[in-house]
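One structure is given here, and the rest of the page talks about it.
The values are calculated or read from the model by the stated rules, or taken from the named source; none is laboratory data. Source: prediction; values computed, not measured. Glycine also receives a Cβ, built like all others from the backbone with ideal geometry; neighbour counts cover every protein chain displayed. In case anyone asks, the SASA skips ligands and DNA or RNA and just uses the protein heavy atoms, side chains included. Shrake-Rupley method; radii C 1.70, N 1.55, O 1.52, S 1.80 Å.
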Amino acid sequence: MTRYRKEDPEITRRKFVTTALGASAAVGGLALISTLGGANPVFRLTRDKMPPTPGDILVHAGGDKDGQPVQVADLSEKLVRAWPMGKDADGNPLIRKGDPNNVVAMYKFQAGQIGAPTNIPATIDGQIVVYSDICMHAGCSVSDDDQKAGQMKCPCHSGQYDPMHGAKVTGGPPPGPLPQLPVKMDGDKIVVSGFFLTPPYGFTESDWEARKKAVEDALG
Ligand code: FES
């Protein structure tokens, strides 16, 4: 089991950032920080930390094929972990490992198995679906070695999601579904076609909108 965030579920990175910003404002009395990707002294939005971004190629996270592009044939009803791979400033491949919360969970189901509330246009042929791998309860990695086909269970507090139905919560404490990541085929590669459709763990709606804009601004 992997848990990427603070031990206390109430102390998320975002709250830490908020606290830091509040302290900064209290001391300095000035709102010096406009976006998290800009002058924030706590978090600098480098390319390796950017969330899965349109155009990124999904590559295996761990295992024998670590770092290699995920192929359709690699996928099944069993969860496959992947990183988004974008490009550095020189155009060279760059896996976005700078933020461990960028790991995603990939599945391929049979035609007709995926249903609402999955965003079908954001899947590939209604069969390949991708979600954030980070639990919405307290930020654990959902993908441990005990995952059964078609099931998604968080090892930290037994949160359960249904990957065939929008990763909706089917048990345990998670407050909401895992965010779905839009994907499409580009040749034989599976690529990101949009940002997470809903804010990933630790983000409020406004945080997430700010983060997306920061990425778009940085990449032009
Ligand atoms: S972190 Fe608590 S159920 Fe996943």
Next item on the list: Could you run the Debye sum over the Cα atoms of segment 65-220, one equal point scatterer each and no solvent, and tell me log10 of I(q)/I(0) at q = 0.13, 0.14, 0.20 Å⁻¹, two decimals?
Entry: -0.58, -0.68, -1.40
Next item on the list: Report ³J(HN,Hα) in whole Hz for each residue of segment 188-205, in order, from the Karplus equation J = 6.51 cos²θ - 1.76 cosθ + 1.60 where θ = phi - 60°; Gly and Pro get x.
Entry: 9, 9, 9, 10, 6, 10, x, 6, 3, 6, 9, x, x, 3, x, 10, 7, 4
Next item on the list: Over segment 129-169, with every protein chain in place, what whole percent of the accessible area is carbon and sulfur at 1.4 Å, could you tell me?
Entry: 40 percent
Check: Given the protein chains as shown and a 1.4 Å probe, how many square angstrom of S158 are accessible, to the nearest 10?
Finding: 60 Å²
Note to self: Leaving ligands and nucleic acids out of the surface, order H137, H157, H60 by accessible area at 1.4 Å, largest first.
What the structure shows: H157, H137, H60
Check: What FRET efficiency would be calculated for the residue pair R47, S158, taking the C-beta separation as r and a Förster radius of 35 Å, to the nearest 0.05?
Finding: 0.50
Notebook entry, point to check: So how far, in whole Å, is the C-alpha centre of segment 52-96 from the one of segment 128-153?
Noted result: 17 Å
Check: Using the heavy atoms of the protein chains alone and a 1.4 angstrom probe, what is the accessible area of segment 40-153 per residue in square angstrom?
Finding: 43 Å²
